Amino acid sequence: MNDKPAIVWLREDFRLADNAALTAATQTGAPLLLVHIRPERPSGMTAVDWFREKTLAHFNAGLQSLSGKVHVFTGDSARLLPEIVARIGAAAVFWNRRYDPIGREIDAGLKREFAACGTEAHSFAGALFHEPWTVKNRAGQPFKIFSAYWRAACEAGSPGPPLPAPREFKFFAGSITGAQEQQLSWPAWTSSLDAYHEFGEAAAQDRLARFVADDLGHYEDERDFPDRDATSGLSPYLRVGQITPRQVWNAVSDAPGGLAHAAARAKFLAELGWRDFAWSVLWEHPGLADHALREEFEDLPWRSDPSGLEAWKRGRTGYPLVDAGMRELWRSGVMHNRVRMVAASFLVKHLLIDWRLGEQWFAETLVDYDPASNALNWQWCAGTGADSAPFFRIMNPVLQSRKFDPSGAYIRRWVPELKSASDKHIHAPWESPDARPANYPLPIVDHAAARRRALAAWDGVRGGDRQS
């Protein structure tokens with residue numbers, strides 16, 4: 001096969017180290033053509049599209065020192081990849097597996113097509129600790145409860161050591177006729193995102209090293225406080241494959257601290273385990289983002305409230321913690337996990353707006369948007385999904401704010417209208433005896449009234465059979 005080129009099809013794996021497809025392709029000794037095929041986007045670019053494109057540009061710049069590049073095409077990968085194979089006479093195609101419903105269907109179809117025409121197609125694991133179909137209960141069924149899933153996953157053993165980056169590369173030097181490379185123009189809303197992100201494999205590894213050295217030891221105690229830099233910040237890098245779960249697992253497992261940090265390590269790795277669990281749920285339920293896993297919730301009387309939805313999107317609900325989170329999301333493309341839960345609960349239960357509209361907004365605005373985790377997390381908050389919080393447990397955004405942002409530091413960062421508010425009243429500025437900031441809205445809904453309305457809607461669906 002050495003005389004004929006091999007294609008490495010990059011999708012969400014812009015790294016050299018622990019890249020099974022790339023490593024296997026280099027071991028053949030064949031000249032490599034690295035390919036990325038971006039889809040047509042008639043509806044516009046999302047935040048994760050932006051992050052992927054920035055990552056791709058950074059990855060491509062690094063390849064120049066190795067005399068290589070990624071050839072970027074735009075269009076239908078099911079049509080374009082066989083065309084590229086034919087153009088260069090490739091003997092084999094290598095890729096790392098993906099697990100979303102559309103992606104897995106395309107990949108399965110390509111494997112059949114390549115097999116029929118004599119082209120080798122090799123796929124590899126690399127995006128998860130355990131692939132979605134591999135962790136099952138004793139009856140061979142998928143798990144519905146995360147704790148049981150994660151216990152079984154841990155019993156299956158560690159994911160093993162990550163692969164080193166290949167030492168040598170031989171790139172395909174021929175021309176590719178008919179290439180459909182296309183320059184992108186960035187939408188105006190992406191202008192604020194650059195200030196909050198770094199790109200590239202080295203940046204991801206540096207972030208991991210800093211987290212392990214500085215924050216892992218107190219992760220369990222401080223991860224819920226949005227004003228503290230106590231989380232890993234790795235989710236965007238994991239999303240587009242600048243780092244792998246296996247690399248994270250090994251760095252965290254080898255971290256110093258011994259028994260003193262054991263609980264923190266276990267808690268952090270379980271958070272990554274939830275990501276695996278989400279993919280296992282999506283594998284079994286391809287309509288996870290569109291249909292409630294608990295079918296009775298399809299009858300819940302969601303409200304049509306365009307003005308309320310818009311106020312929530314723009315951080316103008318009058319509840320400071322919710323607004324801070326939604327503004328952080330819009331400006332930076334990320335949001336602290338605790339605040340994500342509060343903001344999601346507010347949309348679903350205070351405004352009684354369908355969780356799917358929130359899922360769609362996060363899909364557009366999160367740079368770490370993950371189709372499995374995003375959908376499962378929204379169903380968790382809405383009480384409609386696997387191992388989810390009960391619908392009747394309604395987060396009080398004021399109490400959450402006082403507990404997890406007691407000094408208001410996080411709120412002040414993202415809601416400058418409240419910078420001068422006292423620590424006591426910043427969580428509920430309408431209760432302040434001083435004048436409320438004129439440019440900050442009153443709450444768009446009363447908490448107590450919203451709670452009663454949500455519980456009444458839920459009781460209607462459940463026939464009044466509610467347990468507290």
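The values are calculated or read from the model by the stated rules, or taken from the named source; none is laboratory data. The model shown is predicted, which means the values in this text are computed figures rather than measured ones. All Cβ positions, glycine included, derive from the backbone under ideal geometry; neighbour counts span all protein chains shown.
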- request: Would you check if there is a residue in segment 237-250 being surrounded by fewer than 19 Cβ atoms within 10 Å (Cβ to Cβ), more than 29 Å from ILE7 (Cα to Cα), out of contact with any His (no Cβ under 9 Å at 6 or more places or on another chain) and of a type outside the set (Ser, Thr, Tyr)?
  value: yes
task: Filter segment 344-374 for residues that are part of a helix (DSSP H, G or I), under 26 Å from GLY408 (Cα atoms) and touching a Leu at 6+ places or on another chain (Cβ under 8 Å) and give the result.
output: LEU347, GLY358, PHE362, THR365
query: Across segment 409-430, which residue is surrounded by the fewest Cβ atoms within 10 Å (Cβ to Cβ) among those that are of a type in the set (A, V, I, L, M, F, W, C) and assigned to a helix (DSSP H, G or I)?
result: TRP430
- prompt: When segment 69-83 is examined, which residues are found to be among the small types (Gly, Ala, Ser) and in contact with a helix residue (DSSP H, G or I) (Cβ under 9 Å, 6 or more places away or on another chain)?
  reply: SER77, ALA78
field: TRP279 vs. criteria of a type in the set (Phe, Trp, Tyr) and either in the same structural domain as GLU364 (by TED's automatic domain parsing) or without any contact (Cβ under 8 Å) to a residue 60 or more places away in the chain (or both)
entry: no
- request: Would you mind finding the one in ALA121, ALA90 that is within 15 Å of LEU32 (Cα to Cα), surrounded by 15 or more Cβ atoms within 10 Å (Cβ to Cβ) and touching a Ser or Thr at 6+ places or on another chain (Cβ under 9 Å)?
  value: ALA90
- prompt: In segment 357-377, is there at least one residue being more than 16 Å from the chain's Cα centre (by Cα) and over 14 Å from TRP312 (Cβ atoms)?
  reply: no
message: With the requirement that a residue be closer than 28 Å to GLU364 by Cα and among the β-branched types (Val, Ile, Thr), what does segment 13-44 give you?
response: VAL35, ILE37
query: What number of residues within segment 258-275 are closer than 25 Å to TRP361 by Cβ and touching a residue at least 24 places away in the same chain (Cβ under 8 Å)?
result: 3
statement: Within segment 206-229, of all residues that are without any contact (Cβ under 8 Å) to a residue 60 or more places away in the chain and within 18 Å of the chain's Cα centre (by Cα), the one farthest from GLY257 (Cα to Cα) is ARG207
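Residues are listed down the side, and each one gets a yes or a no for (1) out of contact with any Asp or Glu (no Cβ under 8 Å at 6 or more places or on another chain); (2) hydroxyl-bearing (Ser, Thr, Tyr); (3) buried (at least 21 other Cβ atoms within 10 Å of the Cβ); (4) assigned to a helix (DSSP H, G or I):
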{"position": "ALA266", "(1), (2), (3), (4)": "yes, no, no, yes"}
{"position": "ALA270", "(1), (2), (3), (4)": "yes, no, no, yes"}
{"position": "ASP276", "(1), (2), (3), (4)": "yes, no, yes, yes"}
{"position": "SER280", "(1), (2), (3), (4)": "yes, yes, yes, yes"}
{"position": "ASP290", "(1), (2), (3), (4)": "yes, no, no, no"}
{"position": "LEU293", "(1), (2), (3), (4)": "yes, no, no, no"}
{"position": "ARG303", "(1), (2), (3), (4)": "yes, no, no, no"}
{"position": "LEU329", "(1), (2), (3), (4)": "yes, no, yes, yes"}
query: Here is a list of conditions, (1) in contact with a strand residue (DSSP E or B) (Cβ under 7 Å, 6 or more places away or on another chain); (2) at positive phi; (3) not small (Gly, Ala, Ser), and ARG97 meets all of them except one; can you say which number that is?
result: (2)
query: Which residue out of ASN137, ASN96 is exposed (fewer than 14 other Cβ atoms within 10 Å of the Cβ) and either more than 22 Å from LEU16 (Cα to Cα) or within 21 Å of the chain's Cα centre (by Cα) (or both)?
result: ASN137
task: Mind listing just one residue for me: the one in segment 288-298 that is in contact (Cβ under 8 Å) with a residue 60 or more places away in the chain and not charged (D, E, K, R) and, of those, farthest from GLU155 (Cα to Cα)?
output: PHE297
